Amino acid sequence: MSHLKALKLTSAAPVRASADPVVRAREKMIAALAEQRQMAEAKIAGRHFAPTHMVRRKNAEGQRVEVETLKRVRPAWFADGSGKVFFGLRYAGKAIEFAKDKNAVEVGELDALPSVIDTLVEAIRAGELDAQLTAAAVARGQMLRKAG
């Protein structure tokens, strides 16, 4: 008992992560953009980009175990016929419109893509795409409710 007296004991409860859906959408999009940036940098450097994540699977004995597996990440950029690179965002299964009928950013060359992604991250942190992210999330929720 003398060891416990040396410690400062208190009553505490953990604080939940942000329940605000707008903040959650921002964090999710920023994480996806960080992954896109890593993929773009690897492509520019000529390296292979292979992110991994943990999944639960059943082993031969039928027990659930955590296994590290490759994560499928699709590039959010594409090139047109002339070789000009464009970057588009998707959230909750929908393409995000940056402005009325504008769903992509013209990057030009692939080398400029990381700086464009950084600019988009700053725009998301500033809340410039909150309306679009919220609308996409609401549409996704309605679609899931109809299907279920």
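By the Cα gyration tensor, the chain has an equivalent ellipsoid whose semi-axes, rounded to whole angstrom, run 36, 23, 20 from largest to smallest. Principal-axis analysis of the Cα atoms of the chain puts helix 130-147 at an angle of about 80° to the longest axis. Rounded to the nearest whole Hz, the Karplus-based 3J(HN,Hα) values (6.51 cos²θ - 1.76 cosθ + 1.60, θ = phi - 60°) of the range 62-69 follow the sequence x, 8, 7, 10, 8, 10, 8, 9, with x at glycine and proline. Is the C-alpha gyration tensor of the range 8-81 telling us rounded, prolate or oblate? Criteria: a/c under 1.5 is rounded; beyond that, a/b larger than b/c is prolate, otherwise oblate. Cα axes put the range 8-81 in the oblate bin.
Accessible surface area normalised per residue over the range 10-148 is 71 Å², counting heavy atoms of protein chains with a 1.4 Å rolling probe. Shown for the range 39-118: the carbon plus sulfur share of the solvent-accessible area, taken with all protein chains present and a 1.4 angstrom probe, equals 47%. Amide H contacts for residue 96 (H built 1.01 Å from N in the peptide plane; partners 5 or more residues away or on another chain; cut-off under 5 Å): 89, 90, 91. Compared with the dominant principal axis of the Cα atoms in the chain, helix 21-45 is inclined by about 60°.
The values are calculated or read from the model by the stated rules, or taken from the named source; none is laboratory data. Here the structure is a predicted model, which means the values were calculated and not measured. We work out accessible area using only protein heavy atoms, side chains counted, and drop any ligands, DNA or RNA first. Shrake-Rupley method; radii C 1.70, N 1.55, O 1.52, S 1.80 Å.
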